[in-house]
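Reading through the structure tokens given below for one structure.
The values are calculated or read from the model by the stated rules, or taken from the named source; none is laboratory data. Every value quoted in this text rests on a predicted model; they were computed, and no experiment measured them. No Cβ is skipped: glycine too gets one built from the backbone with ideal geometry, and neighbour counts run over all protein chains shown. With ligands, DNA and RNA removed, areas are computed over all heavy atoms of the protein, side chains included. Shrake-Rupley method; radii C 1.70, N 1.55, O 1.52, S 1.80 Å.
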Amino acid sequence: MYPFRDENVFLRNAWYVAAMAQEIADGPLQRTIMDKPVVLYRGESGRMRAMHGLCPHRNYPLGLHGTVEGEAIRCNYHGFVFDGENGKVVDIPSAANTPMRFCQKIYPVVERGPWVWIWPGDPDLADPGKVPTLDQMKMGDGFVTSPMMEPMHANARYMLILENLMDLTHISFLHSMTAGFDEIASASIEIEETEGGMIVTRRMDAAAWGKYHEAVFGEENRFEGKAQSDNEAMTVAPGYFLNTSQTIRSIDGKPVDPRVYGEVWFHHVVTPETKTSFHYFGTQTRNFRLDADALGEGLRHADTRVRAEDIEAVEAIERQLVQFGPPPVELAVRSDTAAGKLRRLMQRALDAEAAMGEPKAEAIA
Amino acid sequence: MYPFRDENVFLRNAWYVAAMAQEIADGPLQRTIMDKPVVLYRGESGRMRAMHGLCPHRNYPLGLHGTVEGEAIRCNYHGFVFDGENGKVVDIPSAANTPMRFCQKIYPVVERGPWVWIWPGDPDLADPGKVPTLDQMKMGDGFVTSPMMEPMHANARYMLILENLMDLTHISFLHSMTAGFDEIASASIEIEETEGGMIVTRRMDAAAWGKYHEAVFGEENRFEGKAQSDNEAMTVAPGYFLNTSQTIRSIDGKPVDPRVYGEVWFHHVVTPETKTSFHYFGTQTRNFRLDADALGEGLRHADTRVRAEDIEAVEAIERQLVQFGPPPVELAVRSDTAAGKLRRLMQRALDAEAAMGEPKAEAIA
Amino acid sequence: MYPFRDENVFLRNAWYVAAMAQEIADGPLQRTIMDKPVVLYRGESGRMRAMHGLCPHRNYPLGLHGTVEGEAIRCNYHGFVFDGENGKVVDIPSAANTPMRFCQKIYPVVERGPWVWIWPGDPDLADPGKVPTLDQMKMGDGFVTSPMMEPMHANARYMLILENLMDLTHISFLHSMTAGFDEIASASIEIEETEGGMIVTRRMDAAAWGKYHEAVFGEENRFEGKAQSDNEAMTVAPGYFLNTSQTIRSIDGKPVDPRVYGEVWFHHVVTPETKTSFHYFGTQTRNFRLDADALGEGLRHADTRVRAEDIEAVEAIERQLVQFGPPPVELAVRSDTAAGKLRRLMQRALDAEAAMGEPKAEAIA
């Protein structure tokens, strides 16, 4: 399926954000991740739990009015209860005292920062040590997080948003009303491959002091002269991307004080739902003006508007793909280098996973 | 198609409720029954009529603004008129005096109680004497009917609701807020096969005097001590099920006066619309407190809420089946005995009907 | 696909109305024509432009917030610019000074009257001289146009509306509340084949002075006696039909003054969108009472209601076709002569176009 070679489009052996922890505050959450039904809930001990989301009795979604009992979850249809640790059925109201060997599939799950991470692939390969650290996520010491954005959702294949993130020249046009500035489209690009993906750096002469600078750095830090700035986009995990809008490196050739002109990181968290839809989570973190709550609110507000534009764009493209088929040709230009590289990396990883064979059966052990 | 062996899922040679008579009060009604278009209307003589629902001229639905003329129906597109008795085209406005031999398919139809029954299968096999009697429907002498519920509809394969009705242990969970009580899930079960289906009886110790008893039997009939009660579910016709919530049989071992502690029957009338949707009609009848109109209204109100929960459940399951395919395994427990038996009975009947070959052509004679 | 022999249902080598010019007043318009994406816009010179509607870079619809620059259009995603004259990519913001040979497909386009005409087929065959003249469209000298109706859209295969237009006996039934009168269903028919289609004339005795006459001809022109009137339907282009409701030819055998009892033409402009949907444009023109603005408004209002009934009808039929498949038989009667002829003419033309082979590639030259 475009832009991949075949219908195998999910890279399952990796950690993905299944939900924001705050989404699970009021009880179990039913969610589709990579075409599989999952139920997420917090046991009474406080531990996060992730389980195959359909009751094996009558296919009822466990997250639909399901109730937490200890570390277990009770199905709301006929009351079957499954243990959150090993998936074992531990109570069947209409058949008390019947020994049951059945086990529901359990997903490896880790809660870190504002996120609930799960491993959709082979559980034997899941290493909790590979969940990105707070430092890797630019959420560790020295950083503060804006109020969390509402979870978003788009009816589009997830590669459309990843390619959007890898080619930020679109900011000058798609976001001309919200975040755009002309210089970004023509900036020079450097791409560095990393273990889990890549870092794309655009170096440019920032516009002179502008609206964005004023909102972010504050009126009192107005600068004169020409700033040199970077726009970075980096892969933290297969579905976790960070980028900056502009990080000021120097003004008139002189390095700046990073405690004044610091970094704002935009978190783009993309988890495939189905082959043609994805969950989209996000926030912003910064390492300066830590107490400026209004700045955090302002970033959140602006970012929400920007992402609505991105979602409108990828959903429009998805509709064209469905209606008219994959494009017969694609013009590729310099700014597509990173997106093209990502496609090839992803296709290679998909092929490697396919070569490992089928993952274990879903619902039974 | 799950839970059946193949795509043959409709048992056509039987009487089904196509509509509530009151739905046809204001003119013709277009309705899909088992993937066939049907128009229902009352002729001027008062007789109910059922006909293939598409005009053979331009495929226009006869029930869409069609008008009744005598026993005939006139199509609203180009005005063709079809006789309700034999389906003959009897007027073509643009071709007056042209002799026409065409006959529209007519469905055998019987009006009984609040229902319009049709026979979707081979008309030669239709025996009006096999339409359930009012006594069989617990609507005859000694019974009074609650105000009719609005006709309901669900986007789910009809077997999901039949299996729901055959395993009432779900009442303790799905309906915990509306009708549930704990004892029902663990009651003992007796199943008796009948000609048209089965009777499932759950015997249990009813809770002591509770809210339901008070609403149904009235404050003045409050009892002390332990009641023994039955919950029955029975097949009246392939798509017509009756059940009681609790029928008090004895209190502290002494039989009760059935004129005081009588029977309430819930009518579950399920007619397949398409392979993945069904019509759902219902009411309640009782044989005590016949003049208590508020009781009838209360039963109707409570039942409407309960069925909304059932519809939410089966529609949720249907969506899972569509999205994730049929379940790879199904845990079956004691309370599934009746549902399992029903599946086997239905599959056997479907096979038998398939062996009889195709029914006659739809639209033409 | 019903009513045609195979899936080849679009006659591409002809002029079609892609839009009303007024739809393009506020910027580019994205529209699907015969299963192809098209963007329409007016260049700064005032010339109308029509181009393949997807950007070849990332499949983004050019009409979605695209901006006009001179005669060119700029994509709103990454800012690629395409020339409206030859489709050449003339600017790529992230790759300035890169010579590009790519050309986007350009559609031949002509603006005439209130319409934007395009030629969806082989551009080499497009002859602007074949676009219907204003006189052919009954919009030339001596005619005045009612205020334009809003563009309409229907989810139905376009042949359903063409056959509706070819058999006006439906007016007596479908439009009985809005425009119907009984005589039309039984009028005599004459059919004359023309180069581009046909003229269908129904001759009838008009009802005596009625509501329609009063609205159209005015109270002061009330006539007594029996009028003889024609109802004409004619093909102006494959998707452009004109009809009159009633043109008075004589009263009591005496010819009438055409400056008093003139012609009202209803413009039915049908352009296929997909195989199962069409655009529907329309207005009315008349050659009498040219200054009676209220008459124009009244005709527009009445026609809007009539077309809503037609759209309800063809959408209902389309749903039946999707749900129940093509009709196993079709009763054909005298009033279907013109529709039947049209089907055969269309099928023959479709076969002829198919024999010419594939049109040129869509997006690239």
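If you project the alpha carbons of the stretch A:144-355 onto their three principal axes, what span does each projection cover, largest first, in Å?
So the three principal-axis extents are 54, 33, 31 Å.
Sequence-distant or interchain residues sharing an amide H contact under 5 Å with B:Ala156, placed H: which?
The list, which skips near neighbours in sequence, is B:Ser277, B:Phe278.
Per-residue HN-Hα couplings for the stretch C:217-229, Karplus 6.51 cos²θ - 1.76 cosθ + 1.60 at θ = phi - 60°, whole Hz, x for Gly and Pro?
8, x, 3, 5, 9, 3, 10, 10, x, 9, 9, 9, 9
Using unit Cβ charges (K, R positive; D, E negative) and no other charged atoms, how large, in debye to the nearest 20, is the dipole of the stretch B:16-130 about its Cα centre?
On the way: 12 positive and 13 negative charges, 38 e Å.
I would put it at about 180 debye.
Only Lys, Arg, Asp and Glu count, each charged at its Cβ (+1, +1, -1, -1), so figure out the dipole size of the protein assembly as shown about its Cα centre, rounded to 20 debye.
I would put it at about 1180 debye.
Can you tell me the relative contact order of the stretch A:81-220? Whole percent, Cα pairs under 8 Å, sequence separation 6 or more.
The value is 9 percent.
Report the Cys residues of the protein assembly as shown lacking a disulfide-compatible partner, meaning no second Cys Cβ under 4.7 Å from their Cβ.
Unpaired cysteines in the protein assembly as shown: A:Cys103, B:Cys103, C:Cys103.
Across the residues of C:331-342, average count of Cβ atoms on other protein chains within 10 Å?
Details: counts 14, 4, 10, 5, 6, 5, 0, 0, 1, 0, 0, 0.
Taking the mean over all residues of the peptide, I get 4.
Which loop trypsin sites (Lys or Arg not before Pro) in the stretch C:1-54, with loop taken from DSSP, have no more than 16 other Cβ atoms within 10 angstrom of their Cβ?
Those that pass, being in a loop and sparsely packed, are C:Arg5, C:Arg47.
Count the lysine pairs in chain B whose Cα atoms lie under 18 Å apart, taking only pairs 8 or more positions apart in sequence or on different chains.
Lysine pair count for chain B: 9.
How high is the relative contact order of the stretch A:144-355, in percent, counting Cα pairs under 8 Å that sit 6 or more residues apart?
Dividing the mean separation by the residue count of the stretch A:144-355 yields 26 percent.
With bins 10 Å wide starting at 0, give me the P(r) of chain C over every alpha carbon pair, in whole percents.
5, 22, 30, 23, 13, 5, 1, 0
Calculate the mean, over all residues of peptide A:314-325, of how many other protein chain Cβ atoms lie within 10 angstrom of the residue's Cβ.
Per residue, the number of nearby Cβ atoms from other chains is 4 on average.
How big is the Cα convex hull of the stretch A:16-130 in projection, averaged over all directions, in nm²?
The number I arrive at for the stretch A:16-130 is 7.1 nm².
Measuring label to label, 7 Å along Cα→Cβ, what does C:Pro328 give against each other copy in nm, shortest first?
Label-point distances to the other copies, shortest first: 4.2, 4.2 nm.
Would you pull out the residues with amide H under 5 Å of B:Thr283's amide H, same chain only if 5 or more places away, H placed 1.01 Å from N?
Here B:His267 satisfy the definition.
What FRET efficiency comes out for the pair B:Ile199/B:Met100, r = Cβ-Cβ distance, R0 = 45 Å, nearest 0.05?
Details: r = 50 Å, r/R0 = 1.12.
Efficiency, from the Cβ-Cβ distance: 0.35.
Once phi is turned into θ = phi - 60°, what whole-Hz ³J(HN,Hα) does the Karplus curve with 6.51, -1.76 and 1.60 give for every residue of the stretch C:209-216, x standing for Gly and Pro?
Once rounded to whole Hz, the list reads 2, x, 4, 5, 4, 4, 5, 8.
Post the alpha-carbon centroid distance, the stretch A:153-170 to the stretch B:1-42, in whole angstrom.
46 Å
Name the chain C residue nearest the rotation axis between C and A, going by Cβ position, and give the distance in whole Å.
So the chain C residue sitting closest to the axis is C:Val322, 10.
Quick check on the protein assembly as shown: what does the Kirkwood estimate of hydrodynamic radius come out to from the alpha carbon pairs, in Å?
34.6 Å
Angle check, please: helix C:293-324 long axis (alpha carbons) against the longest principal axis of chain C (alpha carbons), in degrees 0 to 90, nearest 10.
Once rounded, the angle reads 70 degrees.
How big is the gap, in Å, between the Cα center of the stretch A:53-120 and the Cα center of the stretch A:268-308?
If we compute the Cα centre of each part, the gap is 32 Å.
If you count, for every residue in A:89-102, the Cβ atoms of partner chains within 10 Å of its Cβ, what is the mean?
Working: counts 2, 0, 0, 6, 10, 15, 9, 3, 0, 2, 0, 2, 0, 2.
For this peptide, the per-residue mean of nearby foreign Cβ atoms is 4.
For chain C, calculate the relative contact order in percent as a whole number, restricting contacts to Cα pairs under 8 Å that are 6 or more residues apart. Can you show the working numbers first?
Values: 712 pairs, mean separation 68.0, N = 365.
After rounding, I find 19 percent.
Mind ranking C:Lys211, B:Lys130, B:Lys88 by accessible surface for me, highest first, 1.4 Å probe?
From most accessible down to least: C:Lys211, B:Lys130, B:Lys88.
Find the accessible area per residue for the stretch C:144-327; the probe is 1.4 Å, ligands and nucleic acids are left out, and the unit is Å².
With all protein chains present, the stretch C:144-327 gives 40 Å² per residue.
Which of the three applies to the stretch C:49-106, rounded, prolate or oblate, going by the alpha-carbon gyration tensor with a ≥ b ≥ c and a/c under 1.5 meaning rounded?
Rounded shape, in that the Cα axes give a/c under 1.5.
Using a 7 Å offset from Cα along the direction of the beta-carbon, what are the separations from C:Arg344 to the same position in each other copy, nm, ascending?
So the label point of C:Arg344 gives 6.2, 6.2 nm to the other copies.
Add +1 for every Lys or Arg and -1 for every Asp or Glu among the other residues with Cβ under 12 Å from the Cβ of B:Tyr280, and state the total. All intermediate terms of the calculation are to be shown ahead of the outcome.
On the way: positive: B:Arg307; negative: B:Glu150, B:Glu273, B:Asp303, B:Asp310, B:Glu315.
For residues surrounding B:Tyr280, the net value is -4.
Return the long-range amide H neighbours of A:Val90 (sequence gap of 5 or more, or a different chain), with a cut-off of under 5 Å between placed amide H atoms.
When sequence neighbours closer than 5 places are left aside, the close amide H contacts are A:Val81, A:Phe82, A:Asp83.
Grab the other residues whose beta carbon is less than 13 angstrom from that of A:Val322, score K and R as +1, D and E as -1, and report the net.
Local charge sum for A:Val322: 0.
Net charge near C:Arg249, counting Lys/Arg +1 and Asp/Glu -1 over other residues with Cβ under 13 Å of its Cβ? Don't jump to the answer; show the numbers that get you there.
Details: positive: C:Arg202, C:Arg203, C:Lys226, C:Lys254; negative: C:Asp205, C:Asp230, C:Glu232, C:Asp252, C:Asp257, C:Glu263.
For residues surrounding C:Arg249, the net value is -2.
Taking θ as phi - 60°, what are the ³J(HN,Hα) couplings along the stretch A:63-77 by the Karplus curve (6.51, -1.76, 1.60), each to the nearest whole Hz, with x for Gly and Pro?
x, 8, 6, x, 10, 7, 10, x, 9, 9, 10, 10, 5, 7, 8
Please report, for C:Arg47, the nm distances (one decimal) from its label point, 7 Å out from Cα along the beta-carbon direction, to the equivalent points in the remaining copies, shortest first.
Label-point distances to the other copies, shortest first: 7.3, 7.3 nm.
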